[in-house]
């Protein structure tokens, strides 16, 4: 397991992460990209624990995602299955587990303040923290995607499932975008990744 972890997370995180996996009898599966989530946790019928994480994540996002899912396991074990998946018990568990990793031997110095701020009140997904998400993206492999906030007003873009939209006005943090086929309005987070089809003049 250690040699597998070395391919996916920062070197100095391997030993402590391996310790968490061993201590909690976790079956870790590294899977093909899923557009709607980076990872998940489930308790199998035999009582064992399975965590899946997307293989395409950069090593910093992979680490955050893996600790996120281990926090689900430990929060459910400590507080019972009735708690909210991303409630206070999970937040406290996630903070406690993540704290030893927030150091320069593991994360680049420019990420540390953003990570520290995020973990004051961690969200259900790091993607909903636009500043952290954009900062993490710089460590991804090159692709042809843009963030919504980078796309000019009025431009036409496509999302992961093929649906096509026109970018509209910004409403507080999110952007109103009209689906071209139906005319329905949807709100997009500023860091949503999209494929630009036609830039506005």
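Just so it is clear, none of the values below were taken in a lab; they were calculated from the coordinates. Computed from a prediction, not measured in an experiment: that's the story for all the values here. No Cβ is skipped: glycine too gets one built from the backbone with ideal geometry, and neighbour counts run over all protein chains shown.
Per-structure values
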quantity: FRET efficiency, residue 121 to residue 200 (Cβ-Cβ, R0 25 Å, nearest 0.05); calculated: 0.10
quantity: Centroid-to-centroid separation of the stretch 118-175 and the stretch 4-27 [C-alpha atoms, Å]; calculated: 29
quantity: Directionally averaged shadow of the stretch 2-137, computed from the convex hull of its alpha-carbon atoms, nm²; calculated: 7.9
quantity: Sequence-separation-based contact order of the chain, relative, with Cα cut under 8 Å and 6+ spacing, percent; calculated: 14
quantity: The chain: angle of helix 88-98 to the longest principal axis, Cα-based, in degrees nearest 10; calculated: 70
quantity: Among 184, 158, 96, residue whose mean-square fluctuation peaks in a GNM of the chain (springs only between Cα atoms under 10 Å); calculated: 184
quantity: Helix 14-23 axis, angle to the chain major axis (alpha carbon atoms, nearest 10°); calculated: 60
quantity: Max mean-square fluctuation residue, GNM over the chain, Cα-Cα springs under 10 Å, options 78, 125, 133; calculated: 78
quantity: Cα-Cα separations in the stretch 127-196 greater than 19 Å, expressed as whole percent; calculated: 30
